[in-house]
Amino acid sequence: MKLRVTVTAGGEPGRVWEFAESATVRVGASAAGEVVLAGDEWVAATHCALYWGDGGWRVRDLGEGGGTWRNGVGVTDEALASGDVVQCGRTQVRVEWETERAEAAGGVGEGSERDPRAEALATLRVLPGRLYAVLDAAKDPEVLQLLRRSGYRYECLYTGWAREVYGEAAPYLVQLRRNGRLLEQLLAYQQGVFLLSEEPMVKLARGLRRCLLVVHPEYSIVIARWYCGSACAAFVSTEVGSAIKRAGALSVWSWSLGERPALHQLGE
């Protein structure tokens, strides 16, 4: 499977390289490498390598720079999927390939393998209303780094002393652009929660904060972590789900990249 590497952000956007299946592709600032990312001071001389192993293309961080990212998540040595975005420094490249059979057929046939991420992306892009994601920094410490690099506006759902003390592990609300890279990157995570709303972010965040505290008959008040993907379905079927709707959510969607990846609307 021939590998195609395209610069999508930073450096020289639009520049393309192609490599044979057997190649080991060194990516970095050095002219001795196969993919040279010029003009980015954050890229190491030999930053990462793309190589063929275990029946597919992989990426390996070479430890010389500040880390290598696949779809917004830091990696050391990971398998790649066609269409993934690899980031070195401030430069992003998209890696793509096609099987010889697909190239010969001129595209993807009926017998092709289903792509749940592409299906979820297509669904979220056409849903009515403003598209938001609620991210759980306690579940994944990379969440805050991803948000800070994205350039998007976001709101911490903790306020006051709670934000000061627990901000690094708090839930965050971010408004997504339907054709932006951040939406694609979030679908690379194992779990996620998406909301549709007509409300502006500040107003929606204010309403969602009221959904974090639930009166419990035995423990008085508890924190409801409904924004955790694995627990969201259970919470949405309770009074918490009604509170989320009152906060301004038109619909709530749960994404899971588990054994059977799928996007589900909750509380229909």
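The values are calculated or read from the model by the stated rules, or taken from the named source; none is laboratory data. Note that this is a predicted model, so its numbers are computed, not measured. Glycine gets a Cβ as well: all are built from the backbone with ideal geometry, and neighbour counts include every protein chain shown. Please note that ligands, DNA and RNA were not included when accessible areas were found on the heavy atoms of the full protein model with its side chains. Shrake-Rupley method; radii C 1.70, N 1.55, O 1.52, S 1.80 Å.
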| Taking the stretch 24-49 only, how many residues are within 15 Å of Leu80 (Cα to Cα) and modelled with pLDDT under 90? | 1
| query | Would you call Leu131 open to solvent by 10 Å² or more (accessible area, probe 1.4 Å), closer than 18 Å to Leu266 by Cα and not in a loop (DSSP other than H, G, I, E, B)? | reply | no
| query | Residues of the stretch 153-175 being open to solvent by 10 Å² or more (accessible area, probe 1.4 Å) and in contact with a Leu (Cβ under 6 Å, 6 or more places away or on another chain), which ones? | reply | Tyr154, Glu155, Tyr172
| field | Within the stretch 1-60, strands (runs of 3 or more DSSP E) holding 2 or more residues that are open to solvent by less than 50 Å² (accessible area, probe 1.4 Å) and in contact (Cβ under 8 Å) with a residue 24 or more places away in the chain | value | 3-9, 24-28, 48-53
| Residue check: is Glu218 over 21 Å from Ala188 (Cα atoms), acidic (Asp, Glu) and at pLDDT below 75? | yes
| without any contact (Cβ under 8 Å) to a residue 40 or more places away in the chain, over 17 Å from the mean Cα position of the chain (by Cα) and more than 20 Å from Leu146 (Cβ to Cβ) - does that describe any residue in the stretch 79-91? | no
| said: Given the criteria open to solvent by less than 10 Å² (accessible area, probe 1.4 Å), of a type in the set (Val, Ile, Thr), under 22 Å from Thr238 (Cβ atoms) and not in a loop (DSSP other than H, G, I, E, B), does Val193 qualify? | reply: yes
| task | Residues being within 21 Å of Thr8 (Cα to Cα) and modelled with pLDDT of 85 or more: count how many of those fall in the stretch 139-179. | result | 10
